[in-house]
Amino acid sequence: MIGARIVQKVSSTRGFAKVAPHVIPALDRAVHRITRGKVLLSAQMLPGVVLTSTGARSGLPRRTPLACMPEEEGRTWILIGSNFGRDGHPAWTANLLAHPEASVSWKGQDIEVTATLLTGEERAAVWKTALAFWPPYATYQARVEREIRLFRITRR
């Protein structure tokens, strides 16, 4: 698919990493709200959820639109803390480490979930699958010194 290759190439650039975190989540939140949770703009290319987690420091609810890798026909999902290949872990990953119980909006349905940080061999296996799913993750990882966090979220 030519369109997917172009999007992957563009999303691997440093310019995209600078602009996308400010534009894509805002557009996703607006479209998600307008469609009452049925549509995520970014999900036209990759599956997506809106994660509602508890702020690690504030304790307040935080809504974050995220690309995801569905598993087991929507019973579990992988969330990838790539932060568009920018330095520093995204805030939502700290939120899940501090408060693993959260919820996701998936195809218009709110689902209570528990997040688990993947490590070791399990992380390595999922990372390999994630690279096949969205090859730009390799570019993101090569750009940063931190290990990109992977979480499996499971229905409660």
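The values are calculated or read from the model by the stated rules, or taken from the named source; none is laboratory data. The structure displayed is predicted, hence computed values, not measured ones. For neighbour counting, all protein chains shown are included, and Cβ atoms are generated from backbone atoms with ideal geometry for every residue, glycine included. Heads up: the accessible areas ignore ligands, DNA and RNA and are worked out on the full protein's heavy atoms, side chains in. Shrake-Rupley method; radii C 1.70, N 1.55, O 1.52, S 1.80 Å.
Structural remarks
- Extension gain, GLU147-ILE34: 0.36 nm per intervening residue step, less the Cα-Cα distance, totals 37.1 nm.
- Across the stretch 136-142, computed HN-Hα scalar couplings (Karplus, 6.51 cos²θ - 1.76 cosθ + 1.60, θ = phi - 60°) run x, 4, 5, 5, 4, 5, 5 Hz from first to last residue, x flagging Gly and Pro.
- 3J(HN,Hα) along the stretch 81-93: x, 6, 6, 6, x, 9, 4, x, 6, x, 4, 4, 5 Hz, from the Karplus curve 6.51 cos²θ - 1.76 cosθ + 1.60 with θ = phi - 60°, whole Hz, x for Gly and Pro.
- Radius 9 Å from Cβ of LEU79, net charge of other residues (Lys, Arg +1; Asp, Glu -1): +2
- Across the stretch 125-132, computed HN-Hα scalar couplings (Karplus, 6.51 cos²θ - 1.76 cosθ + 1.60, θ = phi - 60°) run 5, 5, 4, 4, 5, 5, 5, 6 Hz from first to last residue, x flagging Gly and Pro.
- Contour minus Cα-Cα distance for ARG57 and ALA124 (0.36 nm per residue): 21.2 nm
- Annotation: LEU131 carries an accessible surface of approximately 50 Å², with a 1.4 Å probe and no ligand, DNA or RNA atoms counted.
- In terms of accessible area, using a 1.4 Å probe and ignoring ligands and nucleic acids, THR154, THR76 rank largest first as THR154, THR76.
- Net lengthening on full extension, ARG156/ALA138 (0.36 nm per residue, minus Cα-Cα): 3.4 nm
- Cα centroid separation, the stretch 67-85 to the stretch 117-156 (Å): 9 Å
- 5 angstrom amide H check on THR76, placed H, neighbours 5+ away: GLU71
- A cut-off of 5 Å between modelled amide H atoms, ignoring neighbours fewer than 5 places along the same chain, links GLY48 with CYS68.
- For GLY55, the residues whose amide H sits under 5 Å from its own are LEU60, ARG62, ignoring neighbours fewer than 5 places away on the same chain, with H placed 1.01 Å from N.
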